[in-house]
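Just so you know, all these numbers are worked out from the coordinates, no wet-lab data involved. Everything numeric in this text was worked out from a predicted model, so none of it was measured. Cβ sites come from the backbone with ideal geometry, for glycine too, and all protein chains shown count toward neighbours.
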Amino acid sequence: MDTIASLFSFITTPVSWVIVQFHTVYGAIFGPNTGWAWGLSIVSLVILIRICLIPLFVKQIKSTRNMQALQPKMKAIQERYKNDKQRQSEEMMKLYKETGTNPLSSCLPILAQSPFFFALYYVLSSIASGKTIGVINESLLDSARQAHIFGAPLASKFTDSTEKVAALGASLTDVRIITAIMIIMMSASQFYTQRQLMQKNVDLTVKTPYMQQQKMLMYIFPVIFAVMGINFPVGVLIYWLTTNVWTMGQQMFVINQNPTPGSQAQDHYLQRLLKSVTVHSEVRSRRKRSVIQAIVAKGADRNENERRFITGLTKAGFAAQPDGTVAKSDTAVAEAEGGPAQRRQQPKRLTKSKRHSASAQQGVAKSSESGDSESKPSLEKDARSGGTSGAGDSGGDAKPTPAGKPASGSARQQPKSGQRKGQQRPKHPSSKK
């Protein structure tokens with residue numbers, strides 16, 4: 001304990017001073033010796049610290065987004081060196097160094113709070129031991145020792161003995177019940193926060209070491225808090241429970257308003273945005289316009305959630321503009337209402353048997369048409385000749401036709417296959433055929 005005090009002595013006095021200032025305010029409302037005055041002072045200290053850490057939290061969000069942007073490259077490295085784990089780790093570290101990304105950035109808020117945590121722990125431990133610390137004098141020390149939260153003194157712990165708890169004016173049963181409830185709530189809030197991050201705000205289609213790290217933290221942190229919690233004073237448990245609830249609410253806000261691309265949270269956010277645009281026919285905030293602008297700029301690189309959003313806009317009769325606004329589009333309305341039906345329908349492909357049947361029918365029709373066309377000219381020619389063929393058959397011998405000329409009224413000889421139509425050139429005498 002003395003080692004911790006020496007390490008964090010530079011912040012012990014400021015922490016004790018902040019607690020005293022808040023106690024002065026709440027003591028005037030609830031009474032200086034009540035647990036509400038001292039408990040709310042600790043809660044207010046947590047809120048003040050977390051407000052100061054907001055810039056660090058923003059940096060953490062940006063680093064997380066960089067990690068998400070590196071997911072495709074990390075997956076490619078995994079596939080390329082899947083049989084060489086050492087080379088895979090080296091390439092991952094090289095990628096982190098080139099892009100300036102820190103995979104442990106999610107731990108930064110916890111690391112930044114650690115000095116305040118140890119300072120508060122030492123302050124409350126000093127109160128339990130009856131020692132003055134920082135700006136807490138004897139009168140404030142007596143007031144803090146009399147303060148109880150639901151029957152448990154601020155300086156009592158789950159592992160305290162009956163005599164020590166009795167010296168603080170409480171019973172061991174009350175202390176253990178209150179501390180056990182607070183430890184469970186503290187661990188559950190930590191687990192829920194990490195689980196919410198893994199299920200809703202992470203692109204689960206890409207498996208990377210970062211994903212495994214987050215999944216491991218989801219189970220390890222609650223266990224660590226549960227084990228360490230039995231040695232924490234009630235005041236420190238109030239501190240950690242408050243900071244976990246703050247983190248959970250802060251995480252909910254980020255997931256709802258700035259989700260990770262490709263995650264379930266992004267799908268829900270874009271569906272809400274689509275509904276808002278459909279109802280109001282415009283994009284009503286600058287942040288939403290920036291989201292649509294980023295989606296339009298991606299082009300073919302959009303993920304499934306973003307493509308579904310653009311399709312929904314088109315069906316609603318809107319077209320997303322490069323500046324993040326939306327505009328009515330008659331083309332989009334036509335395509336959404338009847339565009340596919342107006343397209344040219346492709347003929348249905350027939351089966352082989354049906355194609356053969358249709359071909360046979362076409363052949364019969366063509367042959368009948370050709371027969372009619374050939375018989376019609378010969379009948380007309382017979383009529384013009386005055387029926388000489390009939391007279392020759394009945395009355396006398398017909399004139400012999402000269403060689404090489406077709407007989408009168410006879411059908412013209414059809415050309416053979418592969419032979420051109422019309423009068424054929426006479427063959428050379430030397431030809432055998």
Inset, instruction - Please enumerate the residues belonging to the stretch 119-133 that are without any contact (Cβ under 8 Å) to a residue 60 or more places away in the chain and surrounded by fewer than 21 Cβ atoms within 10 Å (Cβ to Cβ). - result: Ser129, Gly130, Lys131, Thr132
Inset, instruction - Only residues that are outside any loop (DSSP other than H, G, I, E, B) and under 16 Å from Ser329 (Cα atoms): list them for the stretch 280-295, please. - result: His280
Inset, instruction - Go through the stretch 58-153 and tell me which helices (runs of 4 or more DSSP H), entirely inside it, have 1 or more residues that are under 25 Å from Thr243 (Cβ atoms). - result: 108-129, 138-146
Inset, instruction - Give the stretch 154-167 a look and list any residue that's over 24 Å from Leu40 (Cβ atoms) and part of a helix (DSSP H, G or I), or say none. - result: Thr162, Glu163, Lys164, Ala166, Ala167
Inset, instruction - Output the residue which, of all residues in the stretch 146-163 that are surrounded by fewer than 17 Cβ atoms within 10 Å (Cβ to Cβ) and out of contact with any helix residue (DSSP H, G or I) (no Cβ under 6 Å at 6 or more places or on another chain), is farthest from Met228 (Cα to Cα). - result: Gln146
